[in-house]
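Have a look at the structure below, then the notes.
The values are calculated or read from the model by the stated rules, or taken from the named source; none is laboratory data. For clarity, every value in this text was computed on a predicted model and none was experimentally measured. Glycine gets a Cβ as well: all are built from the backbone with ideal geometry, and neighbour counts include every protein chain shown. Areas reflect the complete protein model, heavy atoms only, side chains present, ligands, DNA and RNA absent. Shrake-Rupley method; radii C 1.70, N 1.55, O 1.52, S 1.80 Å.
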Amino acid sequence: KRVNKAFPECIWGEEIEIDMPEGASIGIKGQETRTVVDRVKKASVKNVAGSIVVRNVSSGVSALTYEGDITVEESKGPLMLESTTGNIVVFEAGPSESGDIFKAKTNSGAISLQALRYRQVEVGSISGSVIFTGSILSGANYSFGTSNGSIRLAIPQASAFKLAATFASGSFSSELPFKILTEDVRDVGKSIVGQFGTGNDALIKLTTNYGTIGIRKNQ
């Protein structure tokens, strides 16, 4: 570890370890580095290149890397995740306050979400797949989109929600039964609005241009 005199606010070194109280907030900016954050209140991480791993954050995560993967585990609060050429993986994350939003975006990487507990979810990838595994929450609004990739939902068989799916040259399939409310076929693509189950006012929007959309049962 050392401090560079030209940049006195920066810490330089091949490996840097910072011990902080669990209730603290941390902000990190790096060049080509692998960043691991564990057990803090709030985390903000920005890398030019390199992976970001965040665990056990209690009040929100903002993570950006231009060339690298982002992994978030067992964290709470608003999550804003973005990678240009990398994958985004989130496991066991949810709001710390009502109204907390989850957003994830990548240009050329896959987005995998498991056991997500947010009611406002916005996910987008340009040339990667989107995979969601977990329960559909009552009153939630989910938006999953990809230009050149597939969208896969693995959800309980008893799930109830309204679905709005739009796809161009791809296809739509579901292992769960549903009722088609409207169906529109045009030269530029096809859209389906359907109702899955009853008693839940959740809405799921799925959009892909050149990929497939699939829904399967997850016991």
Explain nothing, just compute: Karplus ³J(HN,Hα) = 6.51 cos²θ - 1.76 cosθ + 1.60, θ = phi - 60°, for every residue of the range 60-75 in order, whole Hz, x for Gly and Pro. x, 9, 10, 9, 9, 9, 7, 9, x, 8, 10, 10, 10, 10, 6, 10
The answer for the net charge of residues other than residue 135 whose Cβ lies under 13 angstrom from its Cβ, with Lys and Arg +1 and Asp and Glu -1, is +2
Return the carbon/sulfur percentage of the accessible area of the range 66-219, one whole number, probe 1.4 Å, all protein chains in place. 47
Out of all DSSP beta bridges in the chain, what portion is antiparallel? Express it as a percent rounded to 5. 20
Under 28 Å from residue 42, Cα to Cα: lysines that are on another chain or at least 8 residues apart: 1, 29, 76, 103, 105
Taking θ as phi - 60°, what are the ³J(HN,Hα) couplings along the range 173-190 by the Karplus curve (6.51, -1.76, 1.60), each to the nearest whole Hz, with x for Gly and Pro? 8, 8, 7, 8, x, 7, 9, 6, 8, 9, 9, 10, 10, 10, 4, 8, x, 9
Using just the Cα positions, wrap the range 20-122 in a convex hull and report its mean projected area in square nanometres, one decimal place. 5.4
Along the three principal axes, how long is the range 71-124 when you take its alpha carbons, biggest first, rounded to the nearest angstrom? 31, 17, 12
Inter-centroid distance (Cα atoms) of the range 106-127 relative to the range 30-81, Å: 15
Accessible area of the chain divided out per residue, in Å², using a probe of 1.4 angstrom: 54
Give me the log10 of I(q) over I(0) for the range 93-219 at q = 0.14, 0.16, 0.22 Å⁻¹, as the Debye formula computes it from C-alpha points; what are the numbers? -0.56, -0.74, -1.39
Quick check: net charge around residue 55, other residues with Cβ under 11 Å of its Cβ, Lys/Arg +1 and Asp/Glu -1? -3
Amide H contacts of residue 96 (H built 1.01 Å from N, under 5 Å, at least 5 apart or other chain): 77
Nonlocal amide H pairs with residue 28, under 5 Å, H built at 1.01 Å: 44, 45, 46
